[in-house]
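Note sheet for the following structure.
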Amino acid sequence: MLNNILNNIKKKSLRERFLLVLGILFLVLYVVLGSFIIFMKNFPLDMPPAARMAFGAILIAYASFRFSRIINDNNT
């Protein structure tokens, strides 16, 4: 399976590989940002804890949605 993924990446053009790396970078960014928002006690924005949890969960859910799109785009 890993060899199949690597072969698909090698078949992509330079532009497509750059967009794949950029997509993975933003995926990691959304997960880290969502985790920071959920677990930081002294978050710079004055938000109630429930709103902070909801916003962090939305960011992590969006990251998982982007991950599924990256996987689907990589299979084609």
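Readers should treat all values here as calculations from the given coordinates under stated rules, not as data from a laboratory. As the structure is a prediction and not an experimental result, all values here were calculated from the model. All Cβ positions, even for glycine, are placed from backbone atoms using ideal geometry, and neighbour counts span all protein chains on display.
Restricting segment 41-57 to residues that are without any contact (Cβ under 8 Å) to a residue 12 or more places away in the chain and surrounded by 11 or more Cβ atoms within 10 Å (Cβ to Cβ) leaves a set whose member that is nearest to I70 (Cα to Cα) is A54. Exactly one residue out of I24, I60, I9, I71 is touching a Gly at 6+ places or on another chain (Cβ under 7 Å) and either of a type in the set (V, I, T) or part of a helix (DSSP H, G or I) (or both), and it is I60. Of all residues in segment 27-57, those that are of a type in the set (K, R) and either touching a helix residue (DSSP H, G or I) at 6+ places or on another chain (Cβ under 6 Å) or closer than 29 Å to N7 by Cβ (or both) total 1.
The residues listed here are I24, I60, I70, I9; of these, the one that is surrounded by 11 or more Cβ atoms within 10 Å (Cβ to Cβ), at negative phi, in contact (Cβ under 8 Å) with a residue 60 or more places away in the chain and touching a helix residue (DSSP H, G or I) at 6+ places or on another chain (Cβ under 7 Å) is I9.
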